[in-house]
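Enquirer: For reference, the structure I am asking about is given below.
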Amino acid sequence: MKKTSLHIELGKEGEKFAKQFLENNEYTVLVTNWRFRHKEIDIICKHENMLVFIEVKTRTNDFFQKPYDAVEIKKQKLLIDAAEAFVIEYNDFNEIRFDIISIVYNNSQVKSIEHIKEAFLPQIND
């Protein structure tokens with residue numbers, strides 16, 4: 001199997017675990033893998049009265065970098081753009097939040113899962 005295929009499969013596994021983690025913590029998952037043009041939001045969910053946009057990062061180890069560190073400014077901007085499009089289409093929420101779920105998954109098991117709430121804020125005047 002190609003490296004790219006393994007990377008995609010790892011990401012899908014991570015998203016599956018993230019979705020289960022969220023549901024176990026009283027989040028209602030509304031949409032997974034929501035696309036706007038070339039941008040994608042991994043998970044969009046509701047928690048209490050908050051609309052939460054979640055980026056899932058999965059790695060096989062965190063020796064050199066924590067998975068959440070891979071969500072750089074460029075990726076944040078793409079997520080914010082996609083979230084703006086989602087909110088225009090589904091405007092039932094007054095508050096939004098951007099979270100990251102960071103997963104280390106190896107040998108068919110989750111080694112760690114970390115939910116970073118309010119991982120970043122939309123930039124005004126950008």
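The values are calculated or read from the model by the stated rules, or taken from the named source; none is laboratory data. These numbers were taken from a predicted model, which means no experiment stands behind them. As a convention, Cβ positions derive from the backbone with ideal geometry for all residues, glycine included, and neighbour counts pool all protein chains shown.
Enquirer: Please indicate, with yes or no, whether at least one residue in the stretch 2-25 is outside any strand (DSSP E or B), modelled with pLDDT under 90, of a type in the set (Ser, Thr, Tyr) and closer than 23 Å to residue 112 by Cβ.
Expert: Taking every residue of the stretch 2-25 in turn, none turns out to be outside any strand (DSSP E or B), modelled with pLDDT under 90, of a type in the set (Ser, Thr, Tyr) and closer than 23 Å to residue 112 by Cβ.
So that you can scan it fast, the table gives a plain yes or no per residue for (1) closer than 20 Å to residue 79 by Cα; (2) among the aliphatic types (A, V, I, L, M); (3) touching a residue at least 24 places away in the same chain (Cβ under 8 Å):
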site: 6; (1), (2), (3): no, yes, no
site: 14; (1), (2), (3): yes, no, yes
site: 18; (1), (2), (3): yes, yes, yes
site: 21; (1), (2), (3): no, no, yes
site: 24; (1), (2), (3): no, no, no
site: 27; (1), (2), (3): yes, no, yes
site: 39; (1), (2), (3): yes, no, yes
site: 42; (1), (2), (3): yes, no, yes
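Enquirer: Any residue at all in the stretch 67-80 that's part of a strand (DSSP E or B), within 16 Å of residue 11 (Cα to Cα), of a type in the set (D, E, K, R) and modelled with pLDDT of 85 or more?
Expert: Checked the stretch 67-80: no residue is part of a strand (DSSP E or B), within 16 Å of residue 11 (Cα to Cα), of a type in the set (D, E, K, R) and modelled with pLDDT of 85 or more.
Enquirer: Scanning for something touching a Pro at 6+ places or on another chain (Cβ under 9 Å), of a type in the set (D, E, K, R), modelled with pLDDT of 80 or more and surrounded by fewer than 15 Cβ atoms within 10 Å (Cβ to Cβ), does the stretch 26-38 turn up at least one residue?
Expert: The answer is no, given that none of the residues of the stretch 26-38 is touching a Pro at 6+ places or on another chain (Cβ under 9 Å), of a type in the set (D, E, K, R), modelled with pLDDT of 80 or more and surrounded by fewer than 15 Cβ atoms within 10 Å (Cβ to Cβ).
Enquirer: Being within 17 Å of residue 33 (Cα to Cα) and among the charged types (D, E, K, R): is that true of residue 84 here?
Expert: Spelling it out, residue 84 is indeed within 17 Å of residue 33 (Cα to Cα) and among the charged types (D, E, K, R).
Enquirer: Among the residues of the stretch 108-115, is there at least one that is at pLDDT below 80, farther than 23 Å from residue 73 by Cβ and loosely packed, with under 10 Cβ neighbours inside 10 Å?
Expert: Within the stretch 108-115 (the criterion being at pLDDT below 80, farther than 23 Å from residue 73 by Cβ and loosely packed, with under 10 Cβ neighbours inside 10 Å), the answer is yes, since at least one residue qualifies.
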